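Student: Before I ask anything, let me first share the structure, which is written out below as structure tokens.
The values are calculated or read from the model by the stated rules, or taken from the named source; none is laboratory data. Fair warning: this is a prediction, and the values are worked out from it, not measured in the lab. A quick note on method: Cβ atoms are made from the backbone with ideal geometry, for glycine too, and the neighbour counts reach across all protein chains shown. Just the protein is used for accessible areas: all its heavy atoms, side chains included, with ligands, DNA and RNA removed. Shrake-Rupley method; radii C 1.70, N 1.55, O 1.52, S 1.80 Å.
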Amino acid sequence: MSTIGFDTHDHAHCITDALQNAEMRCAEQKLQFTPVRRRVLEILLERHQALGAYDILDVLAQDGLGSQPPVVYRALDFLVQNGLAHRIERMNAYTACAHPGHDHVPAFLVCRLCKAVAEAETELIQGRLGSAAKATGFTIEKIVVEAEGVCPTCAQQAA
Ligand SMILES: [Zn+2]
Ligand SMILES: [Zn+2]
Ligand SMILES: [Zn+2]
């Protein structure tokens with residue numbers, strides 16, 4: 001299980017690499033990576049954090065890229081549909097994908113104090129849920145794994 005988000009890493013690199021990667025993938029798939037879509041992904045990448053659509057809209061408005069909610073929602077839909085970002089259901093928030101470019105089932109570790117997000121990967125058929133599905137002949141199509149807790153930074157500050 002690899003996670004990105006709570007570890008220390010070269011964050012400047014992490015943003016440029018991810019944006020370049022997204023540009024390449026969009027070009028390959030003939031998808032339009034418009035300035036707004038690019039900026040929304042960049043905003044998500046800048047913080048390894050769960051962001052609500054309105055948090056993103058605030059930044060976009062400051063940039064002069066748009067102040068209407070549909071602009072943000074359309075950009076987020078694009079990013080989610082093309083595997084560049086994920087929606088965190090229980091928080092109604094979004095985060096950049098840490099493993100774009102391959103099919104995966106994301107599993108999130110979300111800090112309830114600072115909203116930092118780490119993304120791990122899981123599988124549709126795994127553990128007890130997988131066994132239960134197998135035993136009953138149920139086909140799992142989607143699972144949502146979102147763990148809430150305290151990240152290492154916040155735990156350190158509390159100590
Ligand atoms: Zn980073
Ligand atoms: Zn992902
Ligand atoms: Zn935290």
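Student: Kindly indicate the residue of region 102-150 that is outside any loop (DSSP other than H, G, I, E, B), of a type in the set (S, T, N, Q) and open to solvent by 40 Å² or more (accessible area, probe 1.4 Å) and also nearest to ligand 1 (Cβ to nearest atom) among those meeting that condition.
Tutor: Pass one, region 102-150, residues outside any loop (DSSP other than H, G, I, E, B): 105-111, 116-122, 127-136, 145-149.
Those still in the list that are of a type in the set (S, T, N, Q) too: 122, 131, 136.
Checking the rest, the ones that are also open to solvent by 40 Å² or more (accessible area, probe 1.4 Å) come to 131, 136.
Details: Ser131: 36, Thr136: 41 Å.
Among residues in region 102-150 that are outside any loop (DSSP other than H, G, I, E, B), of a type in the set (S, T, N, Q) and open to solvent by 40 Å² or more (accessible area, probe 1.4 Å), the one nearest to ligand 1 (Cβ to nearest atom) is Ser131.
Student: Applying the selection to region 116-159, what residues are within 15 Å of the chain's Cα centre (by Cα) and of a type in the set (Ser, Thr, Tyr)?
Tutor: Thr122
Student: Can you tell me which residue is most open to solvent (accessible area, probe 1.4 Å) among those in region 80-101 that are assigned to a strand (DSSP E or B) and within 13 Å of ligand 2 (Cβ to nearest atom)? Break it down stepwise before answering.
Tutor: Taking region 80-101 and keeping what is assigned to a strand (DSSP E or B), we get 85-88, 93-96.
Within this subset, residues satisfying the condition of being within 13 Å of ligand 2 (Cβ to nearest atom) are 85-88, 94-96.
Working: Ala85: 1, His86: 27, Arg87: 86, Ile88: 0, Tyr94: 17, Thr95: 8, Ala96: 18 Å².
Step by step, filter region 80-101, then rank; the result is Arg87.
Student: In region 111-122, what count of residues is obtained for those that are of a type in the set (A, V, I, L, M, F, W, C) and more than 13 Å from Ala155 (Cα to Cα)? Before the answer, list the steps.
Tutor: Restricting attention to region 111-122, the residues satisfying the condition of being of a type in the set (A, V, I, L, M, F, W, C) are 111, 113-114, 116-118, 120.
Narrowing further to those that are more than 13 Å from Ala155 (Cα to Cα): 117-118, 120.
Total meeting the criteria: 3.
Student: Could you give me the residue pairs with C-beta distances under 6 Å whose first residue belongs to region 119-133 and is under 26 Å from Leu45 (Cβ atoms), whose second residue is part of a loop (DSSP other than H, G, I, E, B) and within 16 Å of ligand 2 (Cβ to nearest atom) wherever it lies, and which are 6+ apart or on separate chains?
Tutor: Glu119/Ala98; Ala120/Met1; Ala120/Thr3; Glu121/His104
Student: In addition: Only residues that are within 8 Å of the chain's Cα centre (by Cα) and not charged (D, E, K, R): list them for region 81-91, please. Let's see the steps before the verdict.
Tutor: Filtering region 81-91 down to residues within 8 Å of the chain's Cα centre (by Cα) leaves 84-88.
Answer for region 81-91, where residues must be within 8 Å of the chain's Cα centre (by Cα) and not charged (D, E, K, R): Leu84, Ala85, His86, Ile88.
Student: Consider only pairs whose beta carbons are under 7 Å apart and that are at least six residues apart or on different chains; among these, list those whose first residue lies in region 57-84 and is under 15 Å from Pro100 (Cα atoms) and whose second residue is within 15 Å of ligand 2 (Cβ to nearest atom) and open to solvent by 70 Å² or more (accessible area, probe 1.4 Å).
Tutor: Val80/Arg87
Student: Given the conditions (1) within 16 Å of ligand 3 (Cβ to nearest atom); (2) closer than 15 Å to Leu19 by Cα, report the number of the one that Ala116 does not fulfil.
Tutor: (2)
Student: Take the conditions in contact with an Asp or Glu (Cβ under 7 Å, 6 or more places away or on another chain), within 16 Å of ligand 1 (Cβ to nearest atom) and in contact (Cβ under 8 Å) with a residue 24 or more places away in the chain and apply them to Ala98. Does it pass?
Tutor: Against the criterion (in contact with an Asp or Glu (Cβ under 7 Å, 6 or more places away or on another chain), within 16 Å of ligand 1 (Cβ to nearest atom) and in contact (Cβ under 8 Å) with a residue 24 or more places away in the chain), Ala98 qualifies.
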